[in-house]
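In what follows, a single structure is set out as structure tokens and then discussed.
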Amino acid sequence: MPNASTESSHSPAALQRCIEALGPWFHNLHLPGGVQTAPQHFLGGDFPRFKWLQIAPFVPSDLRGWRVLDVGCNAGFYSFELARRGASVLGIDVDAHYLAQADWACRQFGLEERVQFRRMEVYEIARSSETFDLVWFMGVFYHLRYPLLALDLLAARTRRLMMFQTLTMPGDSVYANTADCAIDERTPLLESGWPKMAFIEHSLAGDPTNWWAANHEGVEAMLRSSGLRVEARPGHEIYLCVPDAEAARTRARYRSQLAAITGHGHGDA
Ligand SMILES: C[S@@+](CC[C@H](N)C(=O)[O-])C[C@H]1O[C@@H](n2cnc3c(N)ncnc32)[C@H](O)[C@@H]1O
């Protein structure tokens, strides 16, 4: 039996102690050797691996030369998967607790050369000029007080792909014509397929940081008006988007607002 003085820092017992010291975990990472960080996940199953298995076929298998931004990276599950495909990844998160997990796990995987983590508010992206081939924006939008601001900022930084996921309302219906609505005939707004987003004043699922739940068409409409086109839906509430010149014309309608927020005169975030 190994004792404290002879036990390797990579032994299962030593890893388990680090995992406990760094917990609680939201991402279940499978560390080298098979030890897992959150095998009894409250969302059930192996989270977020079961989501990744749905999404993975939609992401290029060779990401060499790609620069990736993982927004709200948490313990880095997606950052690590994308780095394994060859990408150079910047993972950002506001929470120092999760970033400590991500930094530690990165060393366990030996991915320090390809993945960097930074404590950052998503909106701070407006202060740098970097653009990214792939923006990974999963599980964060609905936690934001200013979700469209973040989406507009990130859409403007997306060179090739955005993987977007948000909490939604039930249903998939789409209202046929949302081009306009008369001021005294606003009942179409009540239709289930009209793009909409419910504001959560207090709490959803016991979590007061869940501020918004859009419906499916609301998600697609917001993505379009941020200058993106939905290419595929790899899974429930998940949208794979590409920048779209036609959709990006909408940006002219709010350019001055964005410019006022970012301080960039041209308003393109
Ligand atoms: C529900 S978790 C999603 C984690 C991961 N993206 C995923 O899909 O599994 C939300 C993450 O976003 C981070 N987050 C929340 N608000 C943020 C903000 N304003 N800027 C950056 N990260 C944020 C949280 O700390 C947390 O790690």
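The values are calculated or read from the model by the stated rules, or taken from the named source; none is laboratory data. Please read all numbers here as calculations on a predicted model, not as lab measurements. Ideal geometry is used to build each Cβ from the backbone, glycine not excepted, and the neighbour counts take in all protein chains shown.
Remarks
- Residue in the range 95-106 that is among the hydrophobic types (A, V, I, L, M, F, W, C), in contact (Cβ under 8 Å) with a residue 40 or more places away in the chain and near the ligand (Cβ under 9 Å from one of its atoms) present: no
- For Ala56, the conditions (1) within 15 Å of the ligand (Cβ to nearest atom); (2) buried (at least 22 other Cβ atoms within 10 Å of the Cβ) are fulfilled apart from (2).
- Residue within the range 65-81 that is over 16 Å from the mean Cα position of the chain (by Cα), in a loop (DSSP other than H, G, I, E, B) and either modelled with pLDDT under 95 or away from the ligand (no atom under 13 Å from the Cβ) (or both) present: yes
- Filtered by the rule that a residue be within 13 Å of the ligand (Cβ to nearest atom) and surrounded by fewer than 20 Cβ atoms within 10 Å (Cβ to Cβ), the range 207-225 gives Asp207, Pro208, Thr209, Asn210.
Every residue, every condition in (1) out of contact with any Phe, Trp or Tyr (no Cβ under 9 Å at 6 or more places or on another chain); (2) away from the ligand (no atom under 16 Å from the Cβ); (3) assigned to a strand (DSSP E or B), yes or no:
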{"position": "Tyr142", "(1), (2), (3)": "no, no, no"}
{"position": "Arg145", "(1), (2), (3)": "no, no, no"}
{"position": "Leu149", "(1), (2), (3)": "no, no, no"}
{"position": "Arg159", "(1), (2), (3)": "no, yes, yes"}
{"position": "Met163", "(1), (2), (3)": "no, no, yes"}
{"position": "Gly171", "(1), (2), (3)": "yes, yes, no"}
{"position": "Tyr175", "(1), (2), (3)": "no, yes, no"}
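- Screening Gly72, Gly91 for residues that are closer than 22 Å to Ala155 by Cα, surrounded by 14 or more Cβ atoms within 10 Å (Cβ to Cβ) and in contact with a Phe, Trp or Tyr (Cβ under 7 Å, 6 or more places away or on another chain) leaves exactly one candidate, Gly91.
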